[in-house]
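The values are calculated or read from the model by the stated rules, or taken from the named source; none is laboratory data. Nothing here was measured: the structure is a model prediction, and the numbers come from that model. Heads up, the Cβs are rebuilt from the backbone with ideal geometry, glycines too, and the neighbour counts pull from every protein chain shown.
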Amino acid sequence: IVESNPDNTFNLEIFEQLCEEVGDRLKMVSLSQVGNLDGISIPIKKIAKITHQYDALIAVDGAQSTPHMRVDVQDLDIDFISFSIHKMCGPSGMGGLWGRYELLDSLRSIQSGGQTVETSHYDSIKWAAPPSKFEGGLGNFAGMIASGKAIDYLSKLDMNTVHEHEIKLNKIITNKIKHLDAIEIIGPEDASHRGGICSILMGDLPSHDIAILLDEAAGVMVRSGQHCVHSWFNARGHVNGSLRASAYFYNTEEDANLFADTFTEAVEAFG
């Protein structure tokens, strides 16, 4: 586990030190390209270069990056990347895995089933070529078609423009709420380092109740809780979790102002 900097950004120096300590025992580095808690981007290309110096592999969680920025696996020089379709305007229960072909070909499927084997005998199996050997059984064809449509739609967008738009909305939110004494924004104050994510520590304020109030009062949907990173919160004593506002290409400046104004009223009311 690589400890982050005080502002939650990635500490490349500590990562290099850990790699030196582990040496040739290092087999794989696994990390997210963008944090779902704070929106901070990780320097994947630099990390991949260091990782490969030890003949190790790098696997990237791209669930939070793929829908929001241009991701070039060749340029990043990574070995694997996985992502969720539901964060790409597609259906739930669907996702994708990209990997270098020779690595995928060398892996064994965790389950067998229809289309995963080329042929079999009572004492041996010849696996099918990737990706078939990883897709056993009857596929979710409706989900596949819907996923393709979602990807086609996003592919028509300029992802650099999407990313810049999200940052602009985040700056509006940040500038309007950062003065509140009862809260603390996770990560750097400069929203350009947090993409479209603004996660807010609520102190003693009830994040779940405020999330419900935002919905009922203004139709604003946010996420409250520990955002699948319970260990991060528990290690820092933030048992109440946080409230997270996430901007996307379909959100407007009006949306950002509505959230910030309603949130401010809620915090002041509870405070």
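Among the residues of region 234-271, those identified as buried (at least 16 other Cβ atoms within 10 Å of the Cβ) and assigned to a loop (DSSP other than H, G, I, E, B) are H238, N240, G241, A247, F249, N251.
A quick yes/no check of all residues on (1) in contact with a Gly (Cβ under 7 Å, 6 or more places away or on another chain); (2) assigned to a loop (DSSP other than H, G, I, E, B); (3) of a type in the set (A, V, I, L, M, F, W, C); (4) not assigned by TED's automatic domain parsing to the domain that holds Y248:
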residue	(1), (2), (3), (4)
T66	no, yes, no, yes
Q74	no, no, no, yes
S82	yes, no, no, yes
G90	no, yes, no, yes
G114	yes, yes, no, yes
S120	no, no, no, yes
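Selection within region 37-65: residues that are hydroxyl-bearing (S, T, Y) and under 24 Å from Q226 (Cβ atoms). The member of this set that is surrounded by the most Cβ atoms within 10 Å (Cβ to Cβ) is S65. Applying the selection to region 66-78, what residues are surrounded by fewer than 21 Cβ atoms within 10 Å (Cβ to Cβ) and farther than 18 Å from K156 by Cα? Matches in region 66-78: V73, Q74, D75, L76, D77.
Within region 218-233, the residues that satisfy the criterion of being at positive phi and surrounded by fewer than 12 Cβ atoms within 10 Å (Cβ to Cβ) are G219, C228. For beta carbons closer than 8 Å, sequence separation of 6+ or different chains, a first residue in region 202-225 that is under 18 Å from L37 (Cβ atoms) and a second that is surrounded by 19 or more Cβ atoms within 10 Å (Cβ to Cβ) and charged (D, E, K, R), the qualifying pairs are V222/R244; R223/R244; S224/R244. Of all residues assigned to region 92-112, at least one qualifies as being of a type in the set (F, W, Y), at pLDDT 95 or above and either in a helix (DSSP H, G or I) or within 18 Å of the chain's Cα centre (by Cα) (or both).
Looking at I151, I145, which is the one that is at pLDDT 95 or above, more than 21 Å from G39 (Cα to Cα) and exposed (fewer than 15 other Cβ atoms within 10 Å of the Cβ)? Reasoning before the result, please.
Working: I151 fails: exposed (fewer than 15 other Cβ atoms within 10 Å of the Cβ).
From the options I151, I145, the qualifying one is I145.
State the number of residues belonging to region 8-34 that are assigned to a loop (DSSP other than H, G, I, E, B) and either closer than 22 Å to D190 by Cβ or touching a His at 6+ places or on another chain (Cβ under 9 Å) (or both).
First, pick out the residues of region 8-34 that are assigned to a loop (DSSP other than H, G, I, E, B): 8-11, 26-27, 33.
Within this subset, residues satisfying the condition of being either closer than 22 Å to D190 by Cβ or touching a His at 6+ places or on another chain (Cβ under 9 Å) (or both) are 8-11, 33.
Number of matching residues: 5.
Select from region 202-217 the residues that are surrounded by fewer than 16 Cβ atoms within 10 Å (Cβ to Cβ) and outside any loop (DSSP other than H, G, I, E, B) and write down the one among them that is nearest to the chain's Cα centre (by Cα). By that ranking, first place goes to H208. Of E118, E102, which residue is without any contact (Cβ under 8 Å) to a residue 24 or more places away in the chain, more than 23 Å from I85 (Cα to Cα) and surrounded by 12 or more Cβ atoms within 10 Å (Cβ to Cβ)? Selected residue: E118, the only one of E118, E102 that is without any contact (Cβ under 8 Å) to a residue 24 or more places away in the chain, more than 23 Å from I85 (Cα to Cα) and surrounded by 12 or more Cβ atoms within 10 Å (Cβ to Cβ).
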